[in-house]
Amino acid sequence: MSTFESSVREIAHAQQSVYNALSDLSNLERLRDRIPQDKINDFSFDADHISFQAPMVGTIRLAIVDREAPKTIKFETEQSPIPFHFWIQLLPLTDTSCKMKLTLKADINPFIKGMVQKPLQEGINKIADVLQMINYD
């Protein structure tokens, strides 16, 4: 099992506010304009699922499988060329800020690990960048 983690990010919003927004994927509507169309197509979601198509990867569909308010949101793939688990961890810093870390664990064949390791690490950091910049109020 290979693990990819984002750096710990500080978010200038209360832990509960961030959790409330991220644990209901229908809130992603406000991010639709930030998604690069050349990188992701057919982006759709509801409260518990997210689906998109990525060039050279195909369709990826994730479902929230566990919510532990206000600390953790866990996802699993329902459709993906590489099955993986993904989770968002949130910890309070102050009443008005929190820390976030993203983790992805995938069962990657050692033969292809060299090809996908860098893109997966870059991808998880880009997701963390976007989640850090959201206004959660």
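The values are calculated or read from the model by the stated rules, or taken from the named source; none is laboratory data. Note that the structure is a prediction, hence the values are computed from the model and not measured. Using ideal geometry, Cβ is built from the backbone for each residue, glycine included, and neighbour counts are taken over all protein chains shown. Please note that ligands, DNA and RNA were not included when accessible areas were found on the heavy atoms of the full protein model with its side chains. Shrake-Rupley method; radii C 1.70, N 1.55, O 1.52, S 1.80 Å.
Once ligands and nucleic acids are excluded and a 1.4 Å probe is used, how much of His49 is accessible, expressed in Å² to the nearest 10?
Accessible area, nearest 10 Å²: 40 Å².
In square nanometres, what is the average projected area of the Cα convex hull of the chain? Show your work: numbers first, answer last.
On the way: hull surface 30.9 nm².
Average projection, Cα convex hull of the chain: 7.7 nm².
Return one whole number: the accessible area per residue of the range 16-56 in Å², for a 1.4 Å probe.
Solvent-accessible surface per residue comes out at 60 Å².
Between Leu91 and Asp42, what length comes free when the chain is fully extended (0.36 nm per residue of separation minus the Cα-Cα distance, one decimal in nm)?
14.4 nm
Select from Gln15, Pro110, Phe52 the residue farthest towards the positive end of the dipole of the chain; place +1 on Cβ of Lys and Arg, -1 on Cβ of Asp and Glu, and compute about the Cα centre.
Of the options given, the answer is Pro110.
Enter the angle in degrees (range 0 to 90, nearest 10) between the Cα long axis of helix 110-133 and the first principal axis of the Cα atoms of the chain, meaning the one along which they spread out most.
The helix 110-133 is inclined about 20 degrees to the chain.
Say each of Asp66 and Ser26 gets a label point 7 Å from the Cα, pointing the same way as Cα to Cβ; how far apart are those two points in nm?
Placing both labels 7 Å beyond Cα along the Cβ direction yields 2.6 nm.
Is there a quick way to get the dipole size of the chain? I mean about its Cα centre, with the Cβ of Lys and Arg at +1 and of Asp and Glu at -1; what is the value in debye to the nearest 20?
Around 400 debye, computed over the chain.
How big is the range 7-61 on each of its three principal axes, counting only the C-alpha atoms and giving the largest first in Å?
37, 25, 19
Calculate I(q)/I(0) for the range 28-95 by the Debye formula, one identical point scatterer on each C-alpha and no solvent, and give its log10 at q = 0.12, 0.18 Å⁻¹ to two decimals.
-0.38, -0.78
Is it possible to state the helix-based mean residue ellipticity at 222 nm for the chain, with each DSSP H run of 4+ residues giving -39500 (n - 2.57), the sum divided by total residues, to the nearest 500 deg cm²/dmol? What is it?
Only helices count here, giving -7500 deg cm²/dmol.
Can you give the FRET efficiency for Glu5 and Ile82, using 1/(1 + (r/R0)^6), R0 = 22 Å, r = Cβ-Cβ distance, to the nearest 0.05?
0.85
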